[in-house]
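The values are calculated or read from the model by the stated rules, or taken from the named source; none is laboratory data. On a predicted model such as this, the values are computed, not experimentally measured, just so you know. Neighbour counts run over all protein chains shown; Cβ positions are idealised from the backbone, glycine included.
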């Protein structure tokens, strides 16, 4: 992943690939860990009664998946994640993989700070179905001082 992060900084854009689909068992574990037992996250009948096709992934769980991808990409690089801003754009249903892309949108003059946008989309089953945005994150990366 460090090579991917280097590509991102060098070319100002990178494709992070696909995060595997979240399964119901993951949602049960997350509900237990977070204390968010809202059944729309793991019970298909409840989700359908609320007008959803199937259970939706917790927003904070989605945020954690995207943070993990960025953290893995930055591992070994001379930058560390300093702050994160996020915006949820839509729901992620269990069983859907997410495709991640990143782009550098601002650099400080001395390049000690780089801001990266990481976007996630669910891809349709075929090319005629438009992809749907799930979450956009903005990471502030700061160069690690050398001793």
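Quick grid of which residues meet (1) outside any helix (DSSP H, G or I); (2) under 22 Å from the mean Cα position of the chain (by Cα); (3) within 16 Å of residue 134 (Cα to Cα):
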{"site": "36", "(1), (2), (3)": "yes, yes, no"}
{"site": "51", "(1), (2), (3)": "yes, no, no"}
{"site": "62", "(1), (2), (3)": "no, yes, yes"}
{"site": "67", "(1), (2), (3)": "no, yes, yes"}
{"site": "71", "(1), (2), (3)": "no, yes, no"}
{"site": "80", "(1), (2), (3)": "yes, yes, no"}
{"site": "83", "(1), (2), (3)": "yes, yes, no"}
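Taken residue by residue, the range 47-60 has no member that is modelled with pLDDT under 85, touching a strand residue (DSSP E or B) at 6+ places or on another chain (Cβ under 7 Å) and crowded, with 16+ Cβ neighbours inside 10 Å.
Report the residue count in the range 64-77 for those that are under 20 Å from residue 117 (Cβ atoms) and surrounded by fewer than 16 Cβ atoms within 10 Å (Cβ to Cβ). The qualifying residues number 5. Among the residues examined, residue 122 qualifies as within 15 Å of residue 19 (Cα to Cα) and either at pLDDT 80 or above or surrounded by 14 or more Cβ atoms within 10 Å (Cβ to Cβ) (or both).
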